[in-house]
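Taking it in order: structure first as structure tokens, then the write-up.
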Amino acid sequence: MNILLLGSGGREHAFAWKMVQSPLCDTLFMAPGNAGTAKIATNVAIAVTDFEAIKALVIKENIEMVVVGPEDPLVKGIYDFFLNDESLKNVPVIGPSKIGATLEGSKEFAKEFLVKHNIPTAAYDSFTAETVEKGCDFLATLQPPYVLKADGLAAGKGVLIIQDLEEAKAELRNMLVGQKFGAASSKVVIEEFLDGIELSCFVLTDGKSYKILPTAKDYKRIGEGDTGLNTGGMGAVSPVPYVDAVLMEKIETRIVKPTIAGLQKDGIPYKGFVFIGLINVKNEPLVIEYNVRMGDPETEVVIPRLESDLVELFQAVASEKLDEFELKIDPRSATTVMMVSGGYPEDFEKGKVISGLDKVQNSIVFHAGTKFDNGNVVTNGGRVMAITSYGDSFQEALAQSYKNVVEISWENVYFRKDIGFDLV
């Protein structure tokens, strides 16, 4: 069948790489795609939130399935758009309904869902510009560090962790009154800080049953030793070495099962990925956040470990037969190292010519922020490409990724040299 995949990042390139391996996939269309996806799929210059243009493409190319990579189209209701359109309603969309996507679109909605369904999470309260001084009073009741989260989507940059109480109050005012993150911070969730190791749990659900995908851990900070500004992610490791059967059982029983049951109980249509951001505090898992799509760069290590046919898996989601599907996982470790533009996550330049891609051996290059320009592959974003490798241990996989990272270059390239440093 013909399939449309929405997005242009490393996550989408990883999906595309796996989907085109399926005998069920005739033509894969990407909107808008990148220089990497152009080699394996048909890129179409359509924005992921241009629903009318997407509709026209689906009808014109006889597309029989739409897979949604990023969160924006989900939060804006692409699932509902298809369902409510006579000519599109029989085309399955892999991704939740608009109300389901609110789990990521609103931190407050997510916290209310967690509390309602007795899923372990940090204590919290939420505030607006009108209640900013109450927010400052609430901060004073907490122990440092202080966690401030913009309620809406802020491209992974809307969370601040601050040690000093007065600075936290000033930042709260800046977010709510000064609109530091625009509309995303018109409401701010203040949360108790949890001290532990973070990990990501990925679940695929058809709304009734679910499959737990391999665990992964990503590295958000720009600087080595997890210092500096937050980014969209600088690298990832799968599986997470310290997640044993006991912890996994707790995650499934206390978090995954009540999440899927809660969606059903609340009548929320959900056919797609649930990313559960967890923190392991003294071997007790708590939920930090939900995302309603796969993480990036975690996808670049989770999808390569799937031995099952990804298109077949999506078909099982669409037809609500996920419970009949046997998920096969590669036992090896996979790691990825993200190469970024100098200056990211702040100001950076685009259009730098990338060289050395032909020298990569025994690793997979997933393009993120790239495009073609006059026959050259050039940088077109902050996070430019992810270099993924397999190994019998995560150390072996990382050594392979780093061996290839140094083969690829462009002006002011940067990458972290310490991915996995805290897992040894």
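Computed values, structure above
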| read-out | value |
| --- | --- |
| Compactness of the range 137-186 - radius of gyration and Dmax, Cα, Å | 10.5, 29 |
| Reference-scaled alpha-carbon Rg (2.2 N^0.38 Å with N residues) for the range 1-74 | 0.97 |
| Rg in Å to one decimal, and Dmax rounded to a whole Å, for the range 339-424 via C-alpha atoms | 13.3, 44 |
| Residue-by-residue Karplus 3J(HN,Hα) for the range 70-79, coefficients 6.51, -1.76, 1.60, Hz, glycine and proline x | x, 7, 3, x, 5, 5, 7, x, 5, 4 |
| Max mean-square fluctuation residue, GNM over the chain, Cα-Cα springs under 10 Å, options Met65, Met248, Met175 | Met248 |
| Ordering of 183-192, 389-398, 140-149 by burial proxy (mean other Cβ atoms within 10 Å per residue, highest first) | 183-192, 389-398, 140-149 |
| Contact order relative to length of the chain, as percent, for alpha carbon pairs under 8 angstrom and 6 or more apart | 17 percent |
| From phi via Karplus (6.51, -1.76, 1.60), per-residue ³J(HN,Hα) for the range 208-214 in Hz, x at Gly/Pro | 10, 9, 8, 10, 8, 8, x |
| Sequence ranges 208-219, 3-14, 285-296, ranked by mean other-Cβ count within 10 angstrom, highest first | 3-14, 285-296, 208-219 |
| Fraction of beta bridges assigned by DSSP in the chain that are antiparallel (%, nearest 5) | 80 percent |
| 1.4 Å probe accessible area per residue over the chain, in Å² | 41 Å² |
| From phi via Karplus (6.51, -1.76, 1.60), per-residue ³J(HN,Hα) for the range 177-193 in Hz, x at Gly/Pro | 8, x, 6, 3, 10, x, 4, 4, 10, 6, 9, 10, 9, 9, 10, 4, 6 |
| Amide proton proximity set for Ile329, modelled H, under 5 Å, gap of 5+ | Glu307 |
| Longest to shortest principal axis, alpha-carbon extents of the range 111-255, angstrom | 44, 38, 28 |
| Theoretical ellipticity at 222 nm over the chain - DSSP helices of four or more residues, -39500 (n - 2.57) apiece, nearest 500 | -7000 deg cm²/dmol |
| Percent breakdown of C-alpha pair distances by 20 Å bin, ordered from the shortest bin, for the chain | 26, 60, 13 |
| Alpha carbon Rg of the range 301-389, scaled by the compact-globule rule 2.2 N^0.38 Å | 1.43 |
| GNM result for the chain, Cα springs below 10 Å: residue of Lys18, Lys98, Lys134 fluctuating most strongly | Lys134 |
| Close Lys-Lys pairs in the range 236-361, where close means Cα under 27 Å and separation is 8 or more or interchain | 14 |
| Placed amide H near Val281: partners under 5 Å, 5+ positions off or other chain | Leu286 |
| Candidates Leu204, Leu310, Leu165: whichever shows maximal mean-square fluctuation once the chain is modelled as a Gaussian network with Cα springs under 10 Å | Leu165 |
| Interchain or long-range residues, amide H under 5 Å from Asn43's placed H | Met30 |
| Protein accessible area in the chain, 1.4 Å probe - carbon and sulfur % | 48 percent |
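The values are calculated or read from the model by the stated rules, or taken from the named source; none is laboratory data. None of the values given here were measured: they were computed from a predicted structure. Every residue, glycine among them, receives a Cβ derived from its backbone with ideal geometry; neighbour counts consider all protein chains shown. Just so you know, the surface numbers come from the protein's heavy atoms only, side chains and all, with ligands and any DNA or RNA stripped out. Shrake-Rupley method; radii C 1.70, N 1.55, O 1.52, S 1.80 Å.
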